[in-house]
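Asks: Dumping the structure here so I can ask a few things about it.
The values are calculated or read from the model by the stated rules, or taken from the named source; none is laboratory data. These figures come from a predicted structure and were not determined experimentally. Backbone-built Cβ (ideal geometry, glycine too); neighbour counts: all protein chains shown.
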Amino acid sequence: MKRGFEIITAKQDLQINLPKRQTKNAAGYDFECAEDFILPSIWKLNFIKIFKLLHQTKEITVTDYQQANAVLKPLLVPTGIKAYMQPDEFLLLANRSSNPLKRRLVLPNGVGVVDADYYNNDSNEGEIFFQLLNFGVTDVSIKKGERIGQGIFMPYLVADDEQAPKNKRNGGFGSTKK
């Protein structure tokens, strides 16, 4: 088996669909949300206090900034899916083209990268999550089974003179730290 998708063990009984392409020439495999999920509007969160203070030209404290940063962050929408692939491949995660326009949902980092060694990691078995941020004025309800993003298998190249890293993955989402 070269590449594909599986349902993680913890969600085997949730009747999750494996990602699939919707048309013959589609590059991306559509991922669905694994469970009902509410993505709150950023405008309802406490960070808006910063904008009020800026507009009123009030002094903004370090605590004000810290409180705003604590709530203004993307949420991880679960898929219940893991992907296996060849060592020189990765899965590129991309937003659905309709999400920003119709639902005001964006991937704040633009794209996601799922490395081959993320599969079956000790931390979360390699479950793929989509980081989403709702910049709309109302909360967005994502129902189980709704398509939330797409994944595209991609090969990658390394530099000729690279000294290959010897580190092994030691965790799940966002595990490589400097």
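Asks: When Gly80 is evaluated against the numbered criteria (1) in contact with a Pro (Cβ under 7 Å, 6 or more places away or on another chain); (2) under 19 Å from Gly4 (Cβ atoms); (3) of a type outside the set (D, E, K, R), which criterion, by number, is the only one it fails?
Replies: (1)
Asks: Next up: Which condition number does Lys24 fail, the rest of (1) in a loop (DSSP other than H, G, I, E, B); (2) in contact (Cβ under 8 Å) with a residue 12 or more places away in the chain; (3) of a type outside the set (A, V, I, L, M, F, W, C) being met?
Replies: Every listed condition holds for Lys24 apart from (2).
Asks: Let me ask something else about it. Condition first: touching a residue at least 24 places away in the same chain (Cβ under 8 Å) and among the β-branched types (Val, Ile, Thr). Now tell me which residues in segment 57-108 satisfy that.
Replies: Val71, Val77, Thr79, Ile81, Val106
Asks: Continuing with this model, one more query. Among the residues of segment 135-153, write down those that are in contact with a Leu (Cβ under 9 Å, 6 or more places away or on another chain) and of a type in the set (S, T, N, Q).
Replies: Applying the first criterion (in contact with a Leu (Cβ under 9 Å, 6 or more places away or on another chain)) to segment 135-153 yields 135-136, 139-142, 144, 148-153.
Within segment 135-153, Ser141, Gln150 meet the criteria.
Asks: Out of everything in segment 55-110 that is surrounded by fewer than 17 Cβ atoms within 10 Å (Cβ to Cβ), part of a loop (DSSP other than H, G, I, E, B) and of a type in the set (Val, Ile, Thr), what residue ends up being modelled with the highest pLDDT?
Replies: Of everything passing the filter in segment 55-110, Thr61 is modelled with the highest pLDDT.
Asks: Answer yes or no as to whether Asn46 is assigned to a loop (DSSP other than H, G, I, E, B), modelled with pLDDT of 95 or more, of a type outside the set (Gly, Ala, Ser) and under 21 Å from Leu132 (Cβ atoms). Write out each step before concluding.
Replies: On the way: assigned to a loop (DSSP other than H, G, I, E, B): yes; modelled with pLDDT of 95 or more: no; of a type outside the set (Gly, Ala, Ser): yes; under 21 Å from Leu132 (Cβ atoms): yes.
No; evaluated as a whole, the condition is false for this residue.
Asks: Further question: What's the number of the only condition in (1) under 17 Å from Asp30 (Cβ atoms); (2) buried (at least 17 other Cβ atoms within 10 Å of the Cβ); (3) among the polar types (S, T, N, Q) that Asn121 fails to meet?
Replies: Asn121 satisfies every listed condition except (1).
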